[in-house]
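Visitor: Pasting a structure here, questions to come.
Here, each number is a calculation from the coordinates, and none is a lab measurement. Every value quoted in this text rests on a predicted model; they were computed, and no experiment measured them. Ideal geometry is used to build each Cβ from the backbone, glycine not excepted, and the neighbour counts take in all protein chains shown.
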Ligand SMILES: Nc1ncnc2c1ncn2[C@@H]1O[C@H](COP(=O)(O)OP(=O)(O)O)[C@@H](O)[C@H]1O
Ligand SMILES: [Mg+2]
């Protein structure tokens, strides 16, 4: 039997997959999600969400998709890893993924043909059918200058009232300096925000939320305040680190036949990570320089 079932959970509370059902709306996450949805509704073009590794960008993108799925007026595609060898392959992947050309088109059509197909598609969907076409790109810090140039051109497609393609970029902080260096790209950002690590209270709320969400209904606390303090100190409020630590803590608690996670359990986990050389080194992100 899985450890979490023994504890009375229906699901694993601290899995590190970006499951939207376990998305806790911290103020940063909430602001990002609400504003991106507004920008999409207004068809204003480009939104950028920055955040260090493990701050919840991918989870946020899954939540966004969950919101968009139910909407008939939206068409979207998500790129999980935008490393493309050249312009042509990038546009080809967009054309295929939006279903404009069948998957099997070989050889890869010319750049002009691909671009025209995409443009016709955006016009047909956006103007004739009045839909919102959305491209979400995760790991956007991996976009090279050539791919960014493609995106800049796509953002040029517009009517007098709105952009034909809505672009949401989620990426690590270095994306900022890349796009700052591209004329006409940075200016086109209509909404930008940064996901910062959680504060102490937010971290506790995230943990409580995930515990409840996983089906734990007992009134008994699983984690003591003293343990929360240790967790915060060690993880600095980075959601991925918090999630991983809680997972280990609950497992350790069970192995020790205890009913609650106390300070000692967390200290022991940290000590064994330090001993094995697995400890986290330093803060990843200083407080944001890029907020809306
Ligand atoms: N808002 C959130 N609510 C609940 N869990 C979160 C949240 N943000 C991040 N997490 C947890 O942290 C892990 C890492 O988040 P992820 O979205 O992969 O970060 P990033 O893409 O920024 O590196 C997720 O798998 C999830 O378990
Ligand atoms: Mg990610």
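Visitor: Be a star and scan the range 128-167 for residues whose amide nitrogen sits under 20 Å from the point 7 Å along the Cα-to-Cβ vector of residue 72.
Guide: 128-134
Visitor: Right, something else. Go ahead and collect, in residue order, the members of the range 137-159 whose backbone nitrogen is under 16 Å from a label point 7 Å along the Cα-Cβ direction of residue 89.
Guide: 142-148, 150
Visitor: Given an 8 Å cut-off on Cα distances and at least 6 residues of separation, report the relative contact order of the range 27-195 as a percent.
Guide: 41
Visitor: Angle check, please: helix 27-42 long axis (alpha carbons) against the longest principal axis of the chain (alpha carbons), in degrees 0 to 90, nearest 10.
Guide: So the inclination is approximately 20 degrees.
Visitor: Moving on to the next point. I'd like to compare 118-129, 211-222: which one has the highest average count of other Cβ atoms within 10 Å, and what's the full order after that?
Guide: 118-129, 211-222
Visitor: Now, a different point. Provide the FRET efficiency to the nearest 0.05 for the residue 131-residue 212 pair, computing r from the beta carbons and using R0 = 51 Å.
Guide: Approximately 0.90, to the nearest 0.05.
Visitor: Could you work out the relative contact order of the chain? I mean the mean sequence separation of Cα pairs under 8 Å and 6+ apart, divided by the number of residues, in percent.
Guide: On the way: 418 pairs, mean separation 80.6, N = 292.
RCO, the chain: 28 percent.
Visitor: Percent antiparallel among DSSP beta bridges with both residues in the range 27-195, to the nearest 5?
Guide: The answer is about 5 percent antiparallel.
Visitor: Here's something else I'd like to know. Compute the acute angle (0 to 90°) between the alpha-carbon long axis of helix 111-123 and the principal axis of greatest extent of the alpha-carbon atoms of the chain; round to the nearest 10°.
Guide: 80
Visitor: Moving on to the next point. For the chain, set up a Gaussian network in which alpha carbons nearer than 10 Å are linked by springs, and say which option among 178, 112, 194 fluctuates the most.
Guide: With Cα springs under 10 Å in the chain, the top fluctuation among 178, 112, 194 is at 112.
Visitor: If you line up the Cα atoms of the chain on their principal axes, what length do they span on each, largest first, in Å?
Guide: 65, 37, 36
Visitor: Tell me the angle of helix 225-235 to the major Cα principal axis of the chain, expressed in degrees between 0 and 90 and rounded to the nearest ten.
Guide: Tilt of helix 225-235: around 40 degrees.
Visitor: I would also like to ask the following. Have a look at the DSSP beta bridges in the chain and tell me what percent are antiparallel, nearest 5. Before the final figure, lay out the partial values.
Guide: Details: 1 of 24 bridges.
So the antiparallel bridges amount to about 5 percent of the total.
Visitor: How many nm is it between the label spots at residue 205 and residue 153, if each spot is 7 Å from the Cα in line with the beta carbon?
Guide: Using points 7 Å along Cα→Cβ, the separation is 4.4 nm.
Visitor: Right, another one. Using a Gaussian network for the chain with springs between C-alpha atoms less than 10 Å apart, which of these wobbles most: 145, 20, 197?
Guide: Answer for the Gaussian network model of the chain: 145.
Visitor: Given N residues in the range 55-162, what is Rg(Cα) / (2.2 N^0.38 Å)?
Guide: 1.09
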